[in-house]
């Protein structure tokens, strides 16, 4: 029997080392049924249960470890495992039970007689509470204390965790570079495989969330790819796969890979269907809703926004922007005002203020839009990131254009456009091009306007952004001649068609893509009710267009 147990345990430890979590879990449990696991292997059982998102088994192993250390007189270790169970209960929303266990952990740590790592972990719980209430300086101080304890106790998990909380507290205070540096430092042992398995995943998620909060897209892409690789190297992983897919979906949306984004969001939804937490599942629903909204699939978007809401996520600003796209500006304004009234954190408000500017301008509340723009500029100045600056510049440009100062507006739009191009965000680039085109038109530069509108139209077409494409097509129409409906650019294309040039040569002459020339020619045929280049040329000469 002991030989069987030894063989099973050897295989279990090998599977654990290979991060084959399901195999390791079954082998450890089988060993445990023959002969009780020692503390080291019981920890392995707990971590494998964690990676498989098996809460009942996590708590069972954690309680056994707690009792094992109590019996051995190791109150410092018992305090840690009490903390761990309390921390997990908090994430599940069981605050009453969690509080009782955390108090037990505190008594054990304080009664140990000297400093132990559990003191640091308990400080991080206090740091987390301060973050949640917006007291970022207090959170920073607590995280620094926990970090110092981790270093004195040589607890690498605690050190990494403390650096995560410290980084988040610094970022939220506007000390972005310092905060990101702390988060990056937390990632070094995680990426090197030196942390406990669950702690590794938590560090990844904390870092990505902090980067997203300050729109550090390059870092978000980098660490999302690292998290994806980490998850991909563990085929039996359950715990962090759904969250990883959600982060991937967000990056894909930004990159313009909308269909891929929807696919990843749906995969995340399936993986998270039986998860113990709803936050990530709600995020997946919201992410998919956003793509449907931008593609003009309003019914699907609304269903998913409502699903996100049922799972506990405020579906804004997406749902308010959906109402605006449906022509319900007053309802959109009421919704976004209501959410902003209860959002105090500057970065949280920064996420909502651009929508407030757009919505209130559409609703005719120019003064409110101006106030929202000023607040966004203040936040952008405080946090000093390129993306926040671009968001503020776009809002400022919209205010300037509405006030009739098209030249000033165009300067703001150009600055924001450069940032979005550098960030690799085609949809946001196209939105800026539309605004820049409108400013050019106000300045009497119809050629400049047409170039911007055509560039935007090409991007919207590639993305499948139907509402935006319809809007930019309407903006092109004012330059048309009523009798035939052709725009100035279409007449220019028709003139080159009449000379016998191919679409490729026309594209070269006009500095356009061949695909854009194809679209112009298709529009010409439709407007003139002809079906050949020769017929279009004949119409043009007969009606004095050339």
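The values are calculated or read from the model by the stated rules, or taken from the named source; none is laboratory data. Bear in mind the structure is a predicted one, so any value in this text is a computation, not a measurement. Neighbour counts run over all protein chains shown; Cβ positions are idealised from the backbone, glycine included.
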Residues that are in contact with a helix residue (DSSP H, G or I) (Cβ under 6 Å, 6 or more places away or on another chain) and outside any helix (DSSP H, G or I), drawn from region 315-345: 315, 316, 317, 343
Filter pass, residue 351 being over 21 Å from residue 410 (Cα atoms) and at pLDDT below 95: no
Evaluation of residue 201 against (1) out of contact with any helix residue (DSSP H, G or I) (no Cβ under 6 Å at 6 or more places or on another chain); (2) surrounded by fewer than 22 Cβ atoms within 10 Å (Cβ to Cβ) (one fails), failing number: (2)
Conditions (1) within 23 Å of residue 364 (Cβ to Cβ); (2) over 25 Å from the mean Cα position of the chain (by Cα); (3) surrounded by 23 or more Cβ atoms within 10 Å (Cβ to Cβ); number of the one not met by residue 438: (3)
Selection status of residue 281, buried (at least 17 other Cβ atoms within 10 Å of the Cβ), assigned to a helix (DSSP H, G or I) and at pLDDT below 95: yes
Identity of the residue in region 482-521, within 42 Å of the chain's Cα centre (by Cα) and under 16 Å from residue 538 (Cα atoms), that ends up surrounded by the fewest Cβ atoms within 10 Å (Cβ to Cβ): 521
Test: residue in region 451-466 that is buried (at least 21 other Cβ atoms within 10 Å of the Cβ), over 26 Å from residue 488 (Cβ atoms) and without any contact (Cβ under 8 Å) to a residue 24 or more places away in the chain: no
Residue 196 vs. criteria touching a helix residue (DSSP H, G or I) at 6+ places or on another chain (Cβ under 6 Å), in contact (Cβ under 8 Å) with a residue 12 or more places away in the chain and either crowded, with 24+ Cβ neighbours inside 10 Å or within 21 Å of residue 291 (Cβ to Cβ) (or both): no
Residues of region 507-545 that turn out to be part of a helix (DSSP H, G or I) and modelled with pLDDT of 80 or more, as a count: 21
Condition met for residue 403 (under 20 Å from residue 356 (Cα atoms), modelled with pLDDT under 95 and surrounded by fewer than 19 Cβ atoms within 10 Å (Cβ to Cβ)): yes
Residue 113 vs. criteria under 20 Å from residue 60 (Cα atoms), more than 30 Å from the chain's Cα centre (by Cα) and at pLDDT below 95: no
Single match in 356, 311 (criterion: more than 24 Å from residue 135 (Cα to Cα) and over 19 Å from the mean Cα position of the chain (by Cα)): 356
Some residue of region 422-439 being without any contact (Cβ under 8 Å) to a residue 24 or more places away in the chain and either over 20 Å from residue 321 (Cα atoms) or touching a strand residue (DSSP E or B) at 6+ places or on another chain (Cβ under 6 Å) (or both): no
